[in-house]
Structure formats: C-alpha cells, structure tokens
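Here, each number is a calculation from the coordinates, and none is a lab measurement. These numbers come from a predicted model, not from an experiment. All Cβ positions, glycine included, derive from the backbone under ideal geometry; neighbour counts span all protein chains shown.
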Amino acid sequence: MSTTDDPSTEARLLEVLRSLRAVRRYAPTSVPDEVVQDVLEVGRWTGSGKNVQPWEMLVVRNRSSLRELATLSQFADHLAGASFAIALVMASPSHRLDAGRLAERLMLAAWCHGVGSCIGSIFPDENEAKAKGLLGVPDERDLRTTIAFGYPADADARRIRATPNIKTVLPSIGRKPLSSIAYLDRYGAPWSRRNAS
Ligand SMILES: Cc1cc2nc3c(=O)[nH]c(=O)nc-3n(C[C@H](O)[C@H](O)[C@H](O)COP(=O)(O)O)c2cc1C
C-alpha cells in the first residue's frame, strides 16, 4: 500500500520529510499568501486527540510584532527576520502533543514550498502574557509556541546555527544512529531489517 503509484514521487516525499531542518536565517523575499494558505490548510487537517482540534493559528506578518516576539524568549531571535510567523494558540497547556503534531505539519507544508522554518518557544510565563497582549490572544489560551517561516537566506541556512545565544545550547545538527534508538519487540533489542524474500 502506497500513497502514490510512482516510486519517484514516493522517494521525493520521503526526502521532504527527512530533509526538514531548522532554518533561522531568512531571505528578504516575502512568502506569498498562496503558500501561507497551503500551510494553514495542511495544519487544519492535523489529527488531534478525540479530534478536538484544540488550536487556532495566528499568522503574524507585521514586522514590529515579529521583532517584539523575538524578544520574548532567550532563543527566538530568528523571528525578527522571518517573512511571517504562526503563533500556535492552544486551548490549554494540556494539548502539547497536539501542538507538536500541528507544528511539524506546518513546517513540513512550508518546506514542500522550499520555505524554511524554526520554532521559537515563548517562555517564561510573563513573556507568554506579553505575547498574548501583543497579539490580542485571550488570557485563558496557551501560547508557548511560535514558528518563524521564510525562504532560507542561503544554502547554509539549513546547516548552521544562527545566533550567539543558540550556539551555547544547540546539540549537533546530526542525529543519533538508528541502532541506538530503535528496538524490535523488546526494549534494548536492536531493530534490524528483515531481508526481503
Ligand atoms: C519543542 C521544540 C522547541 C524548540 N524551541 C526552539 C527555540 O525556542 N529556538 C530555536 O532556535 N529552536 C528551537 N527548536 C528547534 C530545535 O533547536 C531543532 O529542532 C534542533 O536543534 C534540531 O535542529 P536541526 O533539525 O536543524 O538539526 C525547538 C524544537 C522543538 C521540537
């Protein structure tokens, strides 16, 4: 069973999924509204627990708001130079897994259009309150996650760390090997692919 009969399309889809990385430096080119619309549509179809859909997506285009949001976290400088951001307005803090699924989908949909992105987490509580005030979000909502979007500034924008702040905390841009994180049937028993018969 496949989503497509065309193996090259399948390979391309997998490559889009696998190649998504944080992009924190953006070209000045504006991302067109048609692309933003696609991103929001994909987001709208995200699955949530009991299909509650505990989210609203607030697109921020206003440059001074983007700059202000960038100050509301130690690690959100990149928001200032984004073409746009989406603030994930969640019904309550108990929907973090739903927020994670939504965030990843928005980022992948953007990446399908060649638009890079990176989460900017808003914290602590007082900064969340400031972000809500700035964007007119009701107090009772949860606003911990914003995502900055924009065309990558250059070919390296997917591979490097952007700001002095971030250098100190980011892990390597690589990943742990599958053999150390994937198991078969029993915790600790390494996953191994069976040979096709
Ligand atoms: C829950 C979560 C919160 C994150 N918050 C931030 C953030 O506040 N600022 C930031 O620059 N990156 C943030 N990131 C991006 C991670 O730093 C990034 O996914 C990780 O370093 C891997 O980067 P890579 O895919 O480019 O290798 C966040 C990612 C996740 C999943």
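Given an 8 Å cut-off on Cα distances and at least 6 residues of separation, report the relative contact order of the stretch 1-142 as a percent. Can you show the working numbers first?
On the way: 170 pairs, mean separation 44.3, N = 142.
Value for the stretch 1-142: 31 percent.
Scan the chain and report its longest stretch carrying no trypsin sites (Lys or Arg not before Pro) that are both in a DSSP loop and have at most 14 other Cβ atoms within 10 Å.
On the way: sites that count: R61, R159, R175, R186, R193, R194.
Result, exposed sites excluded: 62-158.
Report the extension gain between R63 and E34 in nm, rounded to one decimal, defined as 0.36 nm multiplied by the number of residues separating them, less their alpha carbon distance. Write down the numbers at each step before the final one.
Values: separation 29, 0.36 × 29 = 10.44 nm, distance 1.94 nm.
Extending this stretch completely gives an extra 8.5 nm.
Please identify, among A76, A85, A11, the residue showing maximal mean-square fluctuation in a Gaussian network model of the chain using a 10 angstrom Cα cutoff.
Its mean-square fluctuation being the largest, the pick is A11.
Determine by what factor the alpha-carbon radius of gyration of the stretch 29-162 differs from 2.2 N^0.38 Å, reporting the quotient. It would help to have the intermediate numbers written out before the result.
Details: Rg = 14.0 Å, N = 134, 2.2 N^0.38 = 14.1 Å.
Relative to the rule-of-thumb radius for its length, the stretch 29-162 sits at 0.99.
Using the count of nearby Cβ atoms within 10 Å as a rough guide to exposure, how do M90, M57 rank from fewest to most? Working shown, then result.
Values: M90 20, M57 16.
Neighbour counts put them in this order, fewest first: M57, M90.
I need the chymotrypsin sites (Phe, Trp or Tyr not before Pro) found in the stretch 29-86, filtered to DSSP loop residues with at most 13 other beta carbons within 10 Å of theirs.
On the way: sites: W45, W55, F75, F84; in loops: W45, F75.
Loop-located and lightly packed - W45.
Compare the Cα positions of C118, P190, M90 along the charge dipole of the chain (+1 at Cβ of Lys, Arg; -1 at Cβ of Asp, Glu; about the Cα centre) and return the one farthest towards the positive end.
P190
Which of S117, S179, S65 moves the most in a Gaussian network model of the chain with Cα springs under 10 Å?
It is S179.
For labels at R21 and D5 in the simple 7 Å Cα→Cβ model, what's the distance in nm?
3.7
State, to one decimal in nm, how far the label point of E140 lies from the label point of A155, with both points 7 Å from Cα in the Cβ direction.
Inter-label distance under the simple model: 5.3 nm.
Measure off 7 Å from each Cα along the Cα-to-Cβ vector at R12 and N51, then give the distance between these two points in nanometres to one decimal.
With each label point 7 Å from Cα toward Cβ, the separation is 3.1 nm.
Considering only DSSP beta bridges where both residues belong to the stretch 29-153, give the percentage that are antiparallel (nearest 5).
In the stretch 29-153, approximately 100 percent of DSSP beta bridges are antiparallel ones.
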